[in-house]
Ligand code: SME
């Protein structure tokens, strides 16, 4: 089977399972934790999957994740996560050693993709970060699938009185 097609189908399934799992639950932390778990379990080669939340202007802090211990805080000025937040665009990094300023929370990481999550006003609410210990583990099918996934997630992060995200 074509790898791109198989990954696209994987994200279709992941999004429908996310919606089914979170049915009736209005809770931002539960939603992010569920996404981190589903992605970590199902996207092949993923060694870390989780969120960094915008907790102050220009500052990201660790949120729900799966995998090895993540760095606690990342300014917008640093790393792949900071670039995704600052540029408001997905960062697809086939070789982390070739990315200037990459932050090596996990010395074994070789490739990475970071997708911005926007709130209802179009502001950065968080980024979703996936690492792999394999080179070039992520491609445009992951970019498309993860961008669709975070849009499905964002619908669950808005207008929630119990939201863990900054207002
Ligand atoms: N590599 C990221 C830091 C987060 S860890 O990968 C969990 C970066 O450069 O922003």
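Taking a point 7 angstrom from the Cα of residue 120 along the C-beta vector, which residues in the stretch 9-31 have backbone N less than 15 Å away?
Residues 26-28 fall inside that zone.
Give me the extension gain from residue 77 to residue 95: residue separation times 0.36 nm, minus the current Cα-Cα distance, reported in nm with one decimal.
4.5 nm
Just to confirm my numbers, what's the Cα centroid distance between the stretch 125-152 and the stretch 29-57 in Å?
10
Spin-label point model (7 Å from Cα, Cβ direction): what's the residue 56 to residue 87 distance in nm?
Spacing of the two 7 Å Cα→Cβ label points: 2.6 nm.
Fewest Cβ neighbours within 10 Å first, please rank 6, 132, 47 accordingly.
If I rank by nearby Cβ atoms, fewest first, I get 6, 47, 132.
Length gain on complete extension for the stretch residue 29 to residue 140, per 0.36 nm per residue less the alpha carbon to alpha carbon distance?
37.2 nm
Would you order 71, 81 from fewest to most other beta-carbon atoms within 10 Å of each residue's own beta-carbon? Before the final figure, lay out the partial values.
Details: 71 16, 81 27.
If I rank by nearby Cβ atoms, fewest first, I get 71, 81.
For the stretch 68-152, what percent of Cα pairs sit more than 16 Å apart?
On the way: 1749 of 3570 pairs.
The proportion of pairs with Cα distances above 16 Å equals 49 percent.
Obtain the nm distance between the two label points defined at residue 19 and residue 6 by a simple spin-label model: each point lies 7 Å from its Cα along the Cα-to-C-beta direction.
2.6
Pick from 63, 145, 108: which residue has the top mean-square fluctuation in a GNM of the chain where Cα pairs under 10 Å get a spring?
Residue with maximal mean-square fluctuation among 63, 145, 108: 108.
Hey, what did the stretch 1-103 get for relative contact order, percent, Cα under 8 Å, at least 6 apart?
16
Taken together, the values in this text are just the output of simple stated rules run on the coordinates, not laboratory data. Keep in mind that what you see is a predicted model, and the values were worked out from it rather than measured. Note that each Cβ is placed from the backbone with ideal geometry, even for glycine, and that neighbours are counted across all protein chains shown.
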